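The values are calculated or read from the model by the stated rules, or taken from the named source; none is laboratory data. Computed from a predicted model, the values in this text were never measured in an experiment. Heads up, the Cβs are rebuilt from the backbone with ideal geometry, glycines too, and the neighbour counts pull from every protein chain shown. Please note that ligands, DNA and RNA were not included when accessible areas were found on the heavy atoms of the full protein model with its side chains. Shrake-Rupley method; radii C 1.70, N 1.55, O 1.52, S 1.80 Å.
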Amino acid sequence: MYTNTANRLESHAFACLTYGVIGDAMGTPTENLEPAQIEERFGWVESFEGDGTDDTIMRDLLAAALIRTGGFADADSWAEQWHEQQDAIFGSKVGRFFPSVLHAAAKLRHGYLPRSIADGTMPSSSSAMAIAPVGIVNAGNPRAAAAQAMEIASLLHVTNVAFCQDGAAAIAAAIAEALVAGSTVDAVLKASTSYIKPWSGGEMLSLIVAAQELASATVDYKTFRERYHLKFRQPIACDSRETVPAALAIVWLAKGDPGQAAVFGANFGRDADTIYHCLYVGGHLRGAQRCFAVRRGASQTIAGRLPESASRPCFTVGGRHANKNRERVTGARTLPVILFAIRTRWICCNWTRQSCECFRECPLRARSDLSRLHKREKMVARH
């Protein structure tokens, strides 16, 4: 099916990021609504319009940071993108951002150090919803994905809300595992809890496990939704203690099918767009071949442009991921690292390269850069 491992990784990474945007857009109309309100207004949501919200913007900023650093981004790297692309945050979609994120971004504008802007932030899913690119660059190494996710999430979540770091780590680890050839839903869900600190991260760990147990005990989606809302709600709807366990449980209920998970996420209520934006995992498991089977309409437009995006660049970094899963991912001694960002408007609306700022600015786009990377790969292979 795939001509080489890089094509497979690129296809699955593309599917993952695309489904993030689809879920963000699909959950936008139902965000902050109760399940009963969703049914009253929309019946059963299974299509989407629009180009997403802050979830996609935050993810794209993180992808840009990873591109710039060759995959080794940290909290400061993400902060640099916030500072340099302030218009993305304080632009036309400023009203979609959680107040704590706007407050933290404003601190950067006024000269605060990145390590200090998380002081006083409220719990949210702002790091978990953006973390997919970290799972991609750590493909096959969920432990490394979790560690990097926790570092990056510290830009927004520390001390009393550090459990949000655990939520980001769970999503990143799940995505890194989902990129392993032949991985399963059970393996992905196990990875989501395997690298959370058992003592400091005990609260998030227990909630994820409890949500999965509830999903397996109920099976039926609507029954699960009703019981979940009774047991797992937090005072703030976007608290990652509510959204992350729900997202991972929905992966199990949907049996890893990203189209089904998209519909489940959109009809879940509360922070619906974020819940599905954390469901990148299904796209990784199924890949681009099933990426656009969510519903007709806008998704058909996306599918028509898929061949163009299939040639997006990738490169190998020797020795970055030394673990037992490497051979399963690559079948070689080096691990392809997919570094690209999919901009919201480019995926869901205009489908023009001119509107894809990240595509224009991506340092890997130039032939000279690709040439240098290919030479580096050959040097690594010789040694």
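Can you list the chymotrypsin sites (Phe, Trp or Tyr not before Pro) in the stretch 129-230 that are in a DSSP coil and have 10 or fewer other beta carbons within 10 angstrom? Could you put the intermediate results ahead of the total?
Values: sites: F163, Y195, W199, Y221, F224, Y228; in loops: Y195, W199.
Those satisfying the criteria are W199.
In this structure, the pairs whose alpha-carbon distance is over 30 Å, taken from K93/K190; K107/K231; K190/K231; K93/K231; K93/K197, are K93/K190; K107/K231; K93/K231; K93/K197. With the highest mean first, a sort of the peptides 116-129, 24-37 on other beta-carbon atoms found within 10 angstrom per residue produces 116-129, 24-37. With the contact rule set at Cα under 8 Å and sequence spacing of 6 or more, what percent relative contact order holds for the stretch 132-273? This gives 20 percent for the stretch 132-273. Split the accessible area of the stretch 96-156 by element, probe 1.4 Å, and carbon with sulfur accounts for 55%.
Using heavy atoms of the protein chains and a probe of 1.4 Å, the accessible area assigned to L179 is about 0 Å².
For the stretch 1-122, the Cβ-based charge dipole about the Cα centre amounts to some 400 debye (Lys, Arg positive; Asp, Glu negative; other atoms uncharged).
Evaluated with a Cβ-only charge set (Lys, Arg +1; Asp, Glu -1), the stretch 69-183 carries a dipole of roughly 240 debye about its Cα centre, given to the nearest 20.
Note that the stretch 16-74 presents 34 Å² accessible area per residue, ligands and nucleic acids not counted, probe 1.4 Å.
Solvent exposure of the stretch 194-281, expressed per residue, is 35 Å² of accessible area, with all protein chains present and a 1.4 angstrom probe. Accessible area per residue was computed with a 1.4 Å probe on protein heavy atoms; R96 scores about 90 Å².
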